[in-house]
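The values are calculated or read from the model by the stated rules, or taken from the named source; none is laboratory data. Predicted model only: the values in this text are computed from it and were never measured. All Cβ positions, glycine included, derive from the backbone under ideal geometry; neighbour counts span all protein chains shown. In case anyone asks, the SASA skips ligands and DNA or RNA and just uses the protein heavy atoms, side chains included. Shrake-Rupley method; radii C 1.70, N 1.55, O 1.52, S 1.80 Å.
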Amino acid sequence: MLTDAEANLARLVREAGQRELESLLSGEADASDTYLEVHAGAGGTEAQDWAEMLLRMYMRWAEQHGNKVEWLEESPGEEAGIKSATIRIIGENAYGWLKTESGVHRLVRISPFDANSRRHTSFASVWVYPVVDDKIEVEVQDKYLRVDTYRSQGAGGQHVNKTDSAVRFTYTLPGSEPVVVACQSERSQHQNRAHAMSMLKARLYEIELQRREAVVDAMNATKTDIGWGHQIRSYVLQPYQLVKDLRTEVETSNTGAVLDGDLDRFLAASLAQRIKGADAAAEEKTR
């Protein structure tokens, strides 16, 4: 009887944990596919290599969860890595799971690009925003939109077209920071324009979602501006092994697994903290 009781209790704990995770994905756009951008910080080749490592980490996470990944844009580094890249992750609740990943990620390691084998600290920023479907109307005013075309970049292959088919949109509302998106995945400039417009609308929608969540962020301080010195997670590979989320205090010494896409513990903790912040905001409003 005791053995059966222990087994039943373990089953209930697992079921309760699953129900809790499902309850975290109840936001307005959580069920949507997501765009994910990675940008290298200052630091040249070392930072660009770190940006590529981060991009691979998220692509591995997506593959492990049965999601499809579409490559949209890439600006390669001079020697290694990437200056920036944008992918689309297609799958149920892709945005809901990854929405708390926006921010600055910090890496500490012995640089493979340093002949003296010195320890380096590198930064890269991640920006996550939902794919907007046709049911959501987002107004884009032409007078604030600048369109630039340029030649696609990259290592070559079927994704890269050597004509001026790549498209960059810069949208600047009065009193607001410019919103920039780019697409070079298609051979047709017309198709790249369509993709870029979808990305721009998605970014504007995410900005609106952030505005609505300003009260929650003030109560909970779970989300920081994307800027150097505001890192959300630290990845230390030298002199010890540790990945630590600076918002939730969740940490692990299994750095290899994390960089290979094992992010669920960090994602779940960040989502749970955001829900607690929303509850606190609602309680404060009631008072």
Here the convex hull volume per residue of the stretch 48-89, taken over Cα atoms and given in Å³, is 47
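Could you give the dipole magnitude of the stretch 8-124 about its Cα centre, charging the beta-carbon of Lys and Arg +1 and that of Asp and Glu -1, in debye to the nearest 20?
Working: 13 positive and 19 negative charges, 108 e Å.
It comes to approximately 520 debye.
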SASA check, Val250, accessible area w/ 1.4 Å probe, all protein chains in place, rounded to nearest 10 Å², comes out at 40
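Sorted by mean Cβ packing within 10 Å, highest first, what order do the peptides 238-249, 179-190 take?
Details: 238-249: 15.6, 179-190: 19.2.
Going from most to least packed, we get 179-190, 238-249.
May I ask you to give the percent of accessible area on the stretch 68-128 that is carbon plus sulfur, with a probe radius of 1.4 Å?
42
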Quick note, the stretch 1-134: a/c under 1.5 would make it rounded; otherwise a/b > b/c is prolate and the rest oblate (a ≥ b ≥ c, C-alpha gyration tensor); here it is oblate
As a Kirkwood estimate from alpha-carbon pairs, the stretch 66-132 has a hydrodynamic radius in angstrom of 14.3
Rounded to the nearest 10 Å², the accessible area of Phe113 using a 1.4 Å probe with every protein chain kept is 100
